[in-house]
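Values in this text are rule-based calculations from the coordinates and carry no lab data. Remember, it's a predicted structure, so these values are computed and weren't measured experimentally. All Cβ positions, glycine included, derive from the backbone under ideal geometry; neighbour counts span all protein chains shown.
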There are 2 protein chains.
Amino acid sequence: MSVASYYSQEAHGPFFTKPLGNFELESGVTLRNATIAYSTFGTLSPAKDNAILFPSWYSGTSKIIEQAYIGQGRALDPDKYFIVVANQLGNGLSSSPHNMPSPLNGASFPEVMIGDDVRAQHQLLTEHLGIEELQLVLGGSMGAQQTYEWAVRFPKMVKRAAPIAGTAKGTAHNQLLVQTFREAITSDPRWDEGCYSDAAAVQRGLRRHARVFAASGFSPRLFSEEGWRAIGFSSTEDFLTNFVEGYFLPMDPNNLLLMLNKWAKGDVTRGAGGTLQSVLSKITARVTTIAIQEDGFFPLADIQAEQKMTPNSELVTISSPWGHLALFGIDPEYNSKIDATLKRLLLA
Amino acid sequence: MSVASYYSQEAHGPFFTKPLGNFELESGVTLRNATIAYSTFGTLSPAKDNAILFPSWYSGTSKIIEQAYIGQGRALDPDKYFIVVANQLGNGLSSSPHNMPSPLNGASFPEVMIGDDVRAQHQLLTEHLGIEELQLVLGGSMGAQQTYEWAVRFPKMVKRAAPIAGTAKGTAHNQLLVQTFREAITSDPRWDEGCYSDAAAVQRGLRRHARVFAASGFSPRLFSEEGWRAIGFSSTEDFLTNFVEGYFLPMDPNNLLLMLNKWAKGDVTRGAGGTLQSVLSKITARVTTIAIQEDGFFPLADIQAEQKMTPNSELVTISSPWGHLALFGIDPEYNSKIDATLKRLLLA
């Protein structure tokens, strides 16, 4: 599958695309004719008081979030709520290295920060959809980074927040992990400082990235219990090649690298100023912080440390052999616990 | 520091070198004029009944084991015991890719298995040192692999065994991790299929390897608590560059790759035949299996599963923010718990 056919309505739609105009990034560079892609589920109430926002995680699009979290009878029920799933900049549906016209294309796409995504989403919600109140902002991993940023930056708009398996400020260990993901790609000579003409030619880097990602993204227990059998794979190697490599191979390396840089630099204090403690202490939303017990990317202790700094919050821990990648909705037990937790929060 | 000056008596001695003659490997290839390097501490009793064997771990030599585990008043007390620290094949002191004459040098050095190391050590002990009984065989990580192999292969000779932070049979998750370490080096174009003329030129691969290694070798807590300050580093980056990269940079890439392949394929059932359960159930030594709670390379659950298959065994778990790399003797609390545990085992 080519990069263009991967990042398409056919593969990831239906989604809408909203022009952001000339969008000035935190770096000072203006992203001209920037766009944000999003999907919606359900109907916005006349009072516009039933909106939920769910920003995307690393490498994901609105499609996987729809499949994993949204449905009748679930916490994110389109019969009750108007759910906006926002694609982060660089994810291939919103403005991204692979779809940007020259001269800001490819490796020359400017650096994007989590705060940029949140401002773009704010513009989408307020100017385009007329939404001034969110019942809930939630997201996993990089989506949790955006969730914290929302709660800090727009406290009057966010009634509830559920950061899942992610942090408000990147830890040194998490940054080291992300660096290993980056280097798995950039070490491929075909990456060529980002100036490849064919994304698929960077396959060695993409495959290496997939395996480094899998080594800490899933828990060791998933491998010892051969939990991948439940989703139809026949061996560890079958799982790593056909599931993990297969997932990343159609993606654009520069898109991934842009998101990885954003991930590593995620830090709510950048925009807000002050210490992490002082910034988180000002959050007014009701917060349910969700950690995955076996998460190798965002360990429970790091998530718990931030939850304790967040005033109106509780910590919910979910166990899954899928580790961080339980986020994908692959583990029925994780899914049912997430639903129960979010339903409780939405009633609070 | 050049590779030659790194793997030297000056840097890692004093050590002895014993010719193994023409040593036939499990693969069927004969390693001509093979040698095994070792250090000894203490004096062999006239009855030859006070010997302890400690094989080396990945990338380490007898020197670090001496520094971290051996001393008067410690469990491994040279006033009481005759302690033999054996350097595994490929570690740079014993026969290794970098010191082997053509045509078996460099990337053409034949594949070595854990069983080969144990047979080489057996030859050293019985033929050269006249030792027929070992009070204790112990080792960490790849040393634990060798310890299990000793207990399985030479049950009459091994009275006690202490595998630390390692397994008898590699798990799929551990093999995936080791693959990421390998690829961190082999992705460097200067590695050139192992045919580099200058090991130091492979520095990008060695540095990348160091960081992938550090990302799971230490625990996330070490980073969040900045535990590296205790050994004199000033920032995460200072620690990663000057400690972790600095440690690996003088080593020979083909040496490391040979050991990594051996690590990944470590499996006591290869030589013994049968299931892991049936092989471990035949161990007659008294075994203390030691796990490090925060170990990202060899998770507690995997170690515990094997301990439960081992008849005359107990499990001791030690907690350290240094994770797997507490093995290096860097954490005083780990060191004192190891000593107490080994003293108890040696009295049993």
Query raised in the report: Which length gain, in nm to one decimal place, applies between B:N312 and B:E24 when the Cα-Cα distance is subtracted from 0.36 nm times their residue separation?
Result: 100.4 nm
**Report entry** Residues with amide H under 5 Å from that of B:L31, placed H, sequence gap 5 or more
**Finding:** B:F23, B:E24, B:L25
Query raised in the report: Using the alpha carbon gyration tensor of the protein assembly as shown, what are the three equivalent-ellipsoid semi-axes (square root of 5 times each eigenvalue), largest first, in whole Å?
Result: 51, 26, 22
Query raised in the report: When Cβ neighbours within 10 Å are restricted to other protein chains, what is their mean count per residue of peptide B:260-269?
Result: 0
Query - region B:1-109 - charge dipole about Cα centre, Lys and Arg +1 at Cβ, Asp and Glu -1, debye rounded to 20 - result: 60 debye
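Provide the FRET efficiency to the nearest 0.05 for the B:R32-B:A200 pair, computing r from the beta carbons and using R0 = 30 Å. Could the numbers behind the result be given before it?
On the way: r = 28 Å, r/R0 = 0.94.
The pair B:R32/B:A200 has a calculated efficiency of 0.60.
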Requested in this report: Find how much the distance from A:M1 to A:E127 grows on full extension, using 0.36 nm per residue of separation minus their present alpha carbon separation; answer in nm with one decimal.
Outcome: 41.8 nm
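Can you give the helix-only mean residue ellipticity at 222 nm for chain A, where every DSSP H stretch with n ≥ 4 adds -39500 (n - 2.57) and the sum goes over all residues, rounded to the nearest 500 deg cm²/dmol?
Numbers: 13 runs with 122 residues, N = 348.
Calculated at 222 nm, the ellipticity per residue is -10000 deg cm²/dmol.
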Report summary line: For B:E26, inter-copy label-point distances (7 Å, Cα→Cβ), nm, shortest first, read 5.1
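Ignore the peptide's own chain and count Cβ atoms of other chains within 10 Å of each Cβ in B:214-221; give me the average, rounded.
Working: counts 4, 13, 7, 0, 2, 3, 14, 4.
Rounded to a whole number, the mean comes out at 6.
Note down the net charge around B:L129, summing +1 for each Lys or Arg and -1 for each Asp or Glu among other residues with Cβ under 14 Å from its Cβ.
Values: positive: B:K18, B:K48; negative: B:D49, B:E127, B:E132, B:E133.
Local net charge: -2.
Residues with beta-carbon under 12 Å from that of B:A305, excluding B:A305: net charge, scoring Lys, Arg +1 and Asp, Glu -1?
Numbers: positive: A:R221, B:K169, B:K308; negative: A:E225, B:D302, B:E306.
That sum, taken over residues with Cβ under 12 Å, equals 0.
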Query - Where rotation carries B onto A, the chain B residue whose Cβ is nearest that axis, in whole Å - result: B:S187, 2
Query raised in the report: A:Q203 label points, 7 Å along Cα→Cβ, one per copy: pairwise distances from this copy to the rest in nm, shortest first?
Result: 3.4
Report summary line: Counting Lys and Arg as +1 and Asp and Glu as -1 over every other residue whose Cβ sits under 15 Å from the Cβ of A:S108, the net charge comes to -3
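Can you give the mean number of other chain Cβ atoms that lie within 10 Å of the Cβ atoms in peptide A:292-298?
Details: counts 0, 0, 1, 1, 4, 1, 1.
Taking all residues of A:292-298 together, the mean is 1.
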Requested in this report: Name the residue, out of B:E237, B:E294, B:E226, whose mean-square fluctuation peaks in a Gaussian network model built on chain B with Cα pairs under 10 Å.
Outcome: B:E237
Report summary line: Kirkwood Rh over alpha-carbon pairs of chain B plugged into Stokes-Einstein at 4 °C, 1.567 mPa s gives a D in µm²/s of 64 µm²/s
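Can you tell me what the convex hull of the Cα atoms of region A:217-348 projects to on average, as an area in nm²?
Numbers: hull surface 38.1 nm².
The Cα convex hull of region A:217-348, projected and averaged over all directions, gives 9.5 nm².
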Requested in this report: Compute the FRET efficiency between B:E111 and A:E111 as 1/(1 + (r/R0)^6), taking r as their Cβ-Cβ distance and R0 = 51 Å, and round to the nearest 0.05.
Outcome: 0.70
Query raised in the report: At a Förster radius of 25 Å, what calculated FRET efficiency corresponds to the Cβ-Cβ distance of B:S235 and B:A11, to the nearest 0.05?
Result: 0.40
Report summary line: Relative contact order of region A:156-213 (C-alpha contacts under 8 Å, at least 6 apart) in percent is 32 percent
Report task. Any of B:K80/B:K265; A:K80/A:K265; A:K169/B:K265; A:K80/A:K337; A:K265/B:K63 with alpha carbons more than 30 Å apart? Name them for me. Result -> B:K80/B:K265; A:K80/A:K265; A:K169/B:K265; A:K265/B:K63
Report task. Report the label-to-label distance for B:Q304 and B:S336 in nanometres (one decimal), using points 7 Å from each Cα along the Cα→Cβ vector. Result -> 2.6 nm
Query raised in the report: Placing a label point 7 Å from Cα toward Cβ, how far apart in nm is A:S2 from its equivalents in the other copies, listed shortest first to one decimal?
Result: 5.4
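Using Cα pairs closer than 8 Å and at least 6 residues apart in sequence, work out the relative contact order for chain A, in percent. Walk me through the numbers on the way to the answer.
Values: 688 pairs, mean separation 63.6, N = 348.
About 18 percent, as a whole number.
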Report summary line: With +1 on the Cβ of every Lys and Arg and -1 on the Cβ of every Asp and Glu, the dipole magnitude of region B:99-165 about its Cα centre, in debye rounded to the nearest 20, is 220 debye
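Quote the relative contact order of region B:98-188 in percent (integer), defining contacts as alpha-carbon pairs under 8 Å separated by 6+ residues. Write out the running numbers ahead of the final one.
On the way: 89 pairs, mean separation 20.2, N = 91.
RCO, region B:98-188: 22 percent.
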Query raised in the report: Label-point separation (nm) for A:D192 and A:T269, each offset 7 Å from Cα along Cα-to-Cβ?
Result: 4.2 nm
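Charges at C-beta only: +1 for Lys and Arg, -1 for Asp and Glu. How large is the resulting dipole of region A:33-182 about its Cα centre, in Debye rounded to 20?
Numbers: 11 positive and 11 negative charges, 54 e Å.
It works out to roughly 260 debye.
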Query raised in the report: How would you rank A:207-216, A:121-130, B:295-304, highest first, on the average number of other Cβ atoms within 10 Å across their residues?
Result: A:207-216, B:295-304, A:121-130
